[in-house]
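J.: Questions regarding the structure given below will be posed in turn.
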Amino acid sequence: MYIDPPTWPGHGRYWSHLVSDESFAELHAFAERLGAPARAFDRDHYDIPATRYGDAVGLGAIQVGSREIVSRLTAAGLRRRKRHQPG
């Protein structure tokens, strides 16, 4: 399990991305142990508020940079990009 620093602003606070480089099953199981709600799952990661960052690390998530998150997801074949919406 990997988590990037809580540097992503949204909804009045900062967020981290929690990912697995093994499987979505592993990711969902870890998120459940962390107490992250299902609605926090977004395509290939969980959005974790800054207030829960330390809890995720305490459960064993490895702290990495945002580029490392994308690299690990891509290498594992788990990266799910947003579809381009015609405008």
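Since every read-out is calculated from the coordinates, none of them should be taken as a lab result. Note that the structure is predicted; figures quoted are calculated from it, not measured. Cβ placement follows ideal geometry from the backbone for every residue including glycine, while neighbour counts extend to all protein chains displayed.
J.: Who wins for biggest fluctuation among 27, 59, 18 in a Gaussian network model of the chain, springs between alpha carbons below 10 Å?
T.: 59
J.: Calculate one ³J(HN,Hα) per residue across the range 38-55 by plugging θ = phi - 60° into the Karplus curve 6.51 cos²θ - 1.76 cosθ + 1.60, and present them in order as whole Hz with x for glycine and proline.
T.: My calculation for the range 38-55 gives 4, 5, 7, 7, 9, 6, 9, 7, 9, 8, 10, x, 3, 5, 10, 4, x, 5 Hz in order.
J.: What is the chain's relative contact order, in percent, from Cα pairs under 8 angstrom and six or more apart in sequence?
T.: Computed value for the chain: 37 percent relative contact order.
J.: Let's test the formula: R0 of 35 Å, r as the Cβ-Cβ distance of residue 74 and residue 11. What FRET efficiency results, to the nearest 0.05?
T.: Computed FRET efficiency for residue 74 and residue 11 comes out at 0.80.
J.: Output wanted: per-residue J couplings in Hz (rounded whole) for the range 14-19, from phi through Karplus 6.51 cos²θ - 1.76 cosθ + 1.60, θ = phi - 60°, x for Gly and Pro.
T.: Each residue of the range 14-19 in turn: 10, 10, 10, 10, 10, 9 Hz.
J.: Would you look at the GNM of the chain, springs on alpha carbons closer than 10 Å, and say which of 75, 31, 40 moves the most?
T.: Fluctuation is largest for 75.
J.: Another question, if that's okay. Is the range 1-57 best put as rounded, prolate or oblate by its Cα gyration tensor, with a ≥ b ≥ c the root eigenvalues, rounded for a/c under 1.5, and otherwise prolate when a/b is larger than b/c, oblate when not?
T.: Prolate shape, in that a/c is at least 1.5 and a/b is the bigger ratio.
J.: Moving on to the next point. Can you give the extra length, in nm with one decimal, that the chain gains between residue 63 and residue 22 once fully stretched, where that is 0.36 nm per residue apart less the Cα-Cα distance?
T.: Here the answer is 13.1 nm.
J.: Would you pull out the residues with amide H under 5 Å of residue 14's amide H, same chain only if 5 or more places away, H placed 1.01 Å from N?
T.: 50
J.: Restricting to DSSP H runs of at least four residues, report the calculated mean residue ellipticity at 222 nm for the chain, -39500 (n - 2.57) per run over all residues, nearest 500 deg cm²/dmol.
T.: About -9000 deg cm²/dmol.
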